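Data first, discussion second: the structure below is written as structure tokens.
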Amino acid sequence: MAHLSTLSSPSSSSVSASVPLSSSSSSSWLLYNRMRNPILLNHPPRRRFLSSSLYFPLPRSRCTVFRTSELGMKKFCTVAAAAASDIAGEFTSPEIAKSFDFANEERIYKWWESRGYFKPCFDRGKDSFVVPMPPPNVTGSLHMGHAMFVTLEDIMVRYNRMKGRPTLWLPGTDHAGIATQLVVERMLEAEGIRRIDLGREEFTKRVWEWKEKYGGTITNQIKRLGASCDWSRERFTLDPELSRAVAEAFVRLHEKGLIYQGSYMVNWSPKLQTAVSDLEVEYSEEPGSLYYIKYRVAGGSRDDWLTIATTRPETLFGDTAVAVNPKDERYSKYIGKMAIVPLTFGRHVPIIADKYVDKDFGTGVLKISPGHDHNDYLLARKLGLPILTVMNKDGTLNEVAGLYSGLDRFEARKKVWSELELTGLAVKKEDHTLRVPRSQRGGEIIEPLISKQWFVTMEPLAEKALEAVKKGELTIMPERFEKIYNHWLSNIKDWCISRQLWWGHRIPVWYIVGEDPEEEYIVAKSGEEALNKAYQKYGKNVEIYQDPDVLDTWFSSALWPFSTLGWPDMSAEDLKQFYPTSVLETGHDILFFWVARMVMMGIEFTGTVPFRSVYLHGLIRDSQGRKMSKTLGNVIDPLDTIQEFGTDALRFTLSLGTAGQDLNLSTERLASNKAFTNKLWNAGKFILQNLSQNDISSRKALEAHKFDTEESVLQLPLAECWVVSKLHVLIDTVTASYEKYFFGDVARELYDFFWADFADWYIEASKASLYRSDSQSRVFIAQKVLVYVFRNILKLLHPFMPFVTEEVWQALPSEEEAIMISAWPSSSLPRSMESIKRFENLQALTRAIRNVRAEYSVEPAKKISATIVASPEVLEYISREKEILALLSRLDSVQIKFSEAIPGNANESVHVVASEGLEAYLPLADMVDISAEVERISKRLSKMEAEYAGIRARLSSSSFVEKAPMDIVQGVKEKEKELEEKLKLTRNRLSFLQSTVLVPK
């Protein structure tokens, strides 16, 4: 079957020839289209889309009247330019563009935006559908992770908008405290400027300047993906309104006793000089060393020592105990005694027993350094051991390390080991794979360190978030992530929310000059409020200063679904209308970072979950399933991909994944879906070529026609009834999948229907009416069905492929202004299952005939005769489709016979069974020169028999079978079986040919 790109009517002249119109008909056609499309006025078609400002500034509610089917024919139609004073003249039939031009995507996007289509519309008065966009970092540059979330969320939003729900996709960006500060610091370092030299106020000013200059990059790139967000509501986490919400949240949590300050073990970034969250620490397997060191037992002989194994000898200055397992008999005699810490001039620490010690790791003896290891810290607190910190916040050793004070931690490691070797306390050093904690942002090795920070008590907040899922108030998709969510919240730790940065939300805590900050501080929503509180307690001469730290970026992000809608002002219109939101879509890797925290904060501050559903997508990997990285050189850039394949192909490819599953992305997939885009475009070409361009009444009838009654469907010819019925079944199927967020299923269903049913079968079948029928009513029926089915295909596909569907839609007859605000197809439309079954029989018959033609290498252009044998009931409807059968099977319609009995020439024909009760007999003489075919097959059979004899000889040879490698022998045996099958088929073919009356045996 020909591809759509090569489809045309039988006579090329009938398509490409200029068709002169009468002066009156051409005048009326142009006036009609000028009324519907003001851009046509005195503008050649190639200039129609220079600017959205060319449109008349009509109210949106009135635009439907003027929306034109030719508006989108910019790529399909060329109309000869006429002088303004003379609208009469000649017009040519459509000049066809080869393919959809990706360069038009940005123009289409700007047109949508200029028409206000991205804003919620309340005309149909349904419940709102709201999606809060995961705010990308203001420092961000588009990557495939962004492309994934934009694609999935835009599918949700466009679908619900077409369903008539007031739809809001709320966009914004995150200030990204650590990332943004790093970017600006590096920029300043390139100028020879240090942050500390600038001072806080000036540095913050520089960051804002950077944000104003570069912060919009990611937003513009997201627009390039077709994101239909309401950009008039775009938010930034440091906007004044959102900053007010952050301060409000902090104050409320503090008033409830859920925020406290204390010195605890945190993950410290020496380079960034700030604490980082447990969730922002990534562990990597890296080569390192395991150091074995002697700890002498105090009061024992020279042979009494314990050998400990450690990966960090530089922390021994912070040891406060040596531990062994109580069941380890090797060391039981030392429990309760003291050990001498090397290089500390005889400092003693107790030797203790605890089941926490792994007998099988290293030597089974553990040094306890509670100031520099999370597990040791917990053990020390449990046992009441002292905690020593030996490291400064810049990663150098402090005075506790004595002579090693001031050395960088890694330099100190080398020097300590060297000293241990000199003093005879070094036993050995061996290679060991380390699990190294690194900062997700800066990449440096994280140092566990005791630090004074602000924390949120999480347990009471987590209980409510757990209960929300248990009660069904919140649904997590895929369901398996509920277990992970529940496990994390059930084992949650207090959240360290303070960061030692300058960029971000300052912690709303003020201290009193001259007072102990541990005891006296003021929590307030603003500096003015804090000062008033200080006046009331300390008098008018009091001086206050604000805590220098900022809040963890995730603190403000946790408020995102409601702070962006006006909270804490509960009377805000957006908050009342759009909260709680409908669905939160994001990557499964930030289920804890962000999703769980939003749920906790939403329940705490608004009394309800911030969204009803959570949809988690997986990671995007390369074609081999590997994580994309610059090191591997396998990163696929979305903008480069768009340039080569188009946005629609990228979006469609990304949508084919399954919720929560990683997606392997390859250029082969992208190329395949680019071809799908072109297939849509070419289907539009074919339909437009076969519409009457000069008949206004016909085109208006096409615009309005719907097959929404049982009578209108059942009265259609078989092919038309089949495709309309299949479409109506498809609408129900994909609508149900859209509602369940089964987007991969939707994409596959639509792909299969369009390509297999509509393009490969119905478009081909429609040619029997369009090109071979003398009935104008039959032609018009085919036109109606082509337009109706294709328009609905475009609607169903629009959320996935917005650009090409809008471009083609604008060229088709339609009463609706734009596809993105058109009404979603109705469900439960009439369909004929009997017609579907009947056409499937016709398809089976066509396939069977095609297979025989291929088997006998019949030239594609050659038409053959056939006798169709079936029951009277089947013959009754199959015979009416003679022209379609002839067209699709390349049969001579004059030589097609329909019969209930086997034909007389059956012995000279190829017999095929299409389905139960439907058969065909194809005369062999019509397909091949039998004598020549016998000669050809006989020669081929002789060669195959010689090859088979050679293989049998090899397998009969004991020397080959016994001495050749097993895989070689097995391969020859498989070749033998394959040849046996081919010989059987070839002999049967030859026997059949020789059995005909034309060739004597």
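The values are calculated or read from the model by the stated rules, or taken from the named source; none is laboratory data. It should be emphasised that the depicted structure is a prediction, and the values quoted were computed from it without experimental measurement. Using ideal geometry, Cβ is built from the backbone for each residue, glycine included, and neighbour counts are taken over all protein chains shown. Accessible surface is based on the protein model in full, side chains and every heavy atom, while ligands, DNA and RNA are left aside. Shrake-Rupley method; radii C 1.70, N 1.55, O 1.52, S 1.80 Å.
Only residues that are touching a residue at least 60 places away in the same chain (Cβ under 8 Å) and open to solvent by 30 Å² or more (accessible area, probe 1.4 Å): list them for region 445-465, please.
Filtering region 445-465 down to residues touching a residue at least 60 places away in the same chain (Cβ under 8 Å) leaves 446-458, 460-462, 464-465.
Residues satisfying the conditions are ILE450, LYS452, THR457, PRO460, LYS464.
Based on what the data block shows, is LYS393 touching a strand residue (DSSP E or B) at 6+ places or on another chain (Cβ under 9 Å), under 27 Å from SER277 (Cα atoms), part of a loop (DSSP other than H, G, I, E, B) and basic (Lys, Arg)?
Numbers: touching a strand residue (DSSP E or B) at 6+ places or on another chain (Cβ under 9 Å): yes; under 27 Å from SER277 (Cα atoms): yes; part of a loop (DSSP other than H, G, I, E, B): yes; basic (Lys, Arg): yes.
So LYS393 passes the test.
Looking at region 143-167, which of the residues that are of a type in the set (A, V, I, L, M, F, W, C), at pLDDT 95 or above and in contact with a Leu (Cβ under 9 Å, 6 or more places away or on another chain) is farthest from ASN634 (Cα to Cα)?
VAL157
Within region 606-614, does at least one residue satisfy the condition of being of a type in the set (Lys, Arg), closer than 25 Å to MET458 by Cα and surrounded by fewer than 23 Cβ atoms within 10 Å (Cβ to Cβ)? Reasoning before the result, please.
Taking region 606-614 first, the residues of a type in the set (Lys, Arg) are 612.
Next, only the ones that are closer than 25 Å to MET458 by Cα stay: 612.
Subsequent filtering for residues that are surrounded by fewer than 23 Cβ atoms within 10 Å (Cβ to Cβ) retains 612.
Looking through region 606-614, at least one residue is of a type in the set (Lys, Arg), closer than 25 Å to MET458 by Cα and surrounded by fewer than 23 Cβ atoms within 10 Å (Cβ to Cβ).
Select from region 888-917 the residues that are assigned to a helix (DSSP H, G or I) and either open to solvent by less than 60 Å² (accessible area, probe 1.4 Å) or free of Cβ contacts under 8 Å to residues at least 40 places away in the same chain (or both) and write down the one among them that is farthest from ARG838 (Cα to Cα).
Initial filter on region 888-917 (assigned to a helix (DSSP H, G or I)): 888-889, 906-908.
Add one more test, that the residue is either open to solvent by less than 60 Å² (accessible area, probe 1.4 Å) or free of Cβ contacts under 8 Å to residues at least 40 places away in the same chain (or both), and what stays is 888-889, 906.
Values: LEU888: 16, SER889: 17, ALA906: 25 Å.
This residue is ALA906.
Out of region 632-644, which residues are open to solvent by less than 20 Å² (accessible area, probe 1.4 Å) and either part of a loop (DSSP other than H, G, I, E, B) or farther than 13 Å from ARG224 by Cα (or both)?
Selection gives ASN634 alone.
Would you tally the residues in region 792-825 being farther than 18 Å from LEU688 by Cβ and polar (S, T, N, Q)?
Qualifying residue count, region 792-825: 1.
Which members of region 168-225 meet the condition of being assigned to a helix (DSSP H, G or I) and open to solvent by less than 10 Å² (accessible area, probe 1.4 Å)? Walk me through it before giving the result.
Start the filter on region 168-225 by keeping residues that are assigned to a helix (DSSP H, G or I), which leaves 177-190, 195-198, 200-214, 217-224.
Of everything in region 168-225, those that are assigned to a helix (DSSP H, G or I) and open to solvent by less than 10 Å² (accessible area, probe 1.4 Å) turn out to be GLY177, THR180, GLN181, VAL184, LEU188, PHE203, VAL207, ILE218, ILE222.
Go through region 709-767 and tell me which helices (runs of 4 or more DSSP H), entirely inside it, have 1 or more residues that are within 30 Å of ALA659 (Cβ to Cβ), open to solvent by 30 Å² or more (accessible area, probe 1.4 Å) and of a type in the set (A, V, I, L, M). Can you show your working first?
Details: elements: 710-714, 718-739, 743-752.
So the answer is 718-739.
Can you name the residue in region 414-423 that is touching a helix residue (DSSP H, G or I) at 6+ places or on another chain (Cβ under 9 Å) and hydrophobic (A, V, I, L, M, F, W, C) and, of all such residues, is surrounded by the fewest Cβ atoms within 10 Å (Cβ to Cβ)?
Looking at residues that are touching a helix residue (DSSP H, G or I) at 6+ places or on another chain (Cβ under 9 Å) and hydrophobic (A, V, I, L, M, F, W, C), I get TRP417.
How about region 246-317: which strands (runs of 3 or more DSSP E) wholly inside it have at least 3 residues that are within 18 Å of PRO548 (Cα to Cα) and open to solvent by less than 50 Å² (accessible area, probe 1.4 Å)? Walk me through how you get there before you give the answer.
Numbers: elements: 259-269, 274-276, 281-297, 305-310.
Once the strands (runs of 3 or more DSSP E) in region 246-317 are filtered for at least 3 residues that are within 18 Å of PRO548 (Cα to Cα) and open to solvent by less than 50 Å² (accessible area, probe 1.4 Å), what remains is 259-269, 274-276.
Restricting to region 690-708, and then to whatever is in contact (Cβ under 8 Å) with a residue 40 or more places away in the chain and part of a helix (DSSP H, G or I), can you tell me which residue is surrounded by the fewest Cβ atoms within 10 Å (Cβ to Cβ)?
This residue is ALA704.
Residues are listed down the side, and each one gets a yes or a no for (1) touching a strand residue (DSSP E or B) at 6+ places or on another chain (Cβ under 9 Å); (2) open to solvent by less than 10 Å² (accessible area, probe 1.4 Å):
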| position | (1), (2) |
| --- | --- |
| LYS359 | yes, no |
| PRO370 | yes, yes |
| LEU378 | yes, no |
| LEU388 | no, no |
| LEU397 | yes, yes |
| VAL400 | yes, no |
| GLY406 | yes, no |
| ALA412 | yes, yes |
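Kindly provide the set of residues from region 768-795 that are buried (at least 23 other Cβ atoms within 10 Å of the Cβ), in contact with a Ser or Thr (Cβ under 8 Å, 6 or more places away or on another chain) and either β-branched (Val, Ile, Thr) or not in a helix (DSSP H, G or I) (or both), ordered by number.
Selection gives VAL785 alone.
Return yes or no: is ALA683 among the small types (Gly, Ala, Ser), at pLDDT below 90 and touching a helix residue (DSSP H, G or I) at 6+ places or on another chain (Cβ under 9 Å)? Give the steps one after another, and end with the answer.
Values: among the small types (Gly, Ala, Ser): yes; at pLDDT below 90: no; touching a helix residue (DSSP H, G or I) at 6+ places or on another chain (Cβ under 9 Å): yes.
Answer is no for this residue.
Among the candidates ALA426, ALA468, which residue alone is surrounded by fewer than 20 Cβ atoms within 10 Å (Cβ to Cβ), under 30 Å from VAL365 (Cα atoms) and in contact with a helix residue (DSSP H, G or I) (Cβ under 7 Å, 6 or more places away or on another chain)?
On the way: ALA468 fails: under 30 Å from VAL365 (Cα atoms).
The unique qualifying residue is ALA426.
Give me a count of the residues in region 332-352 that are open to solvent by 40 Å² or more (accessible area, probe 1.4 Å) and among the hydrophobic types (A, V, I, L, M, F, W, C).
Matching residues across region 332-352 total 5.
Going by what's in this entry, would THR586 be described as within 31 Å of the chain's Cα centre (by Cα), polar (S, T, N, Q) and over 26 Å from VAL251 (Cα atoms)? Steps first, answer last, please.
Numbers: within 31 Å of the chain's Cα centre (by Cα): yes; polar (S, T, N, Q): yes; over 26 Å from VAL251 (Cα atoms): yes.
When the stated conditions are applied, THR586 passes them.
For region 471-516, give me each residue that is crowded, with 20+ Cβ neighbours inside 10 Å and either among the β-branched types (Val, Ile, Thr) or under 30 Å from THR658 (Cα atoms) (or both).
Correct list: LEU474, ILE476, TYR485, LEU489, ILE497, ILE507, VAL509.
Hey, can you tell me all the residues within region 113-144 that are hydrophobic (A, V, I, L, M, F, W, C) and either under 19 Å from THR586 (Cβ atoms) or open to solvent by 70 Å² or more (accessible area, probe 1.4 Å) (or both)? Show your work before the answer.
We begin by selecting, within region 113-144, every residue hydrophobic (A, V, I, L, M, F, W, C); these are 118, 121-122, 129-131, 133, 138, 142, 144.
Matches in region 113-144: PHE122, PHE129, VAL130, VAL131, MET133, VAL138, LEU142, MET144.
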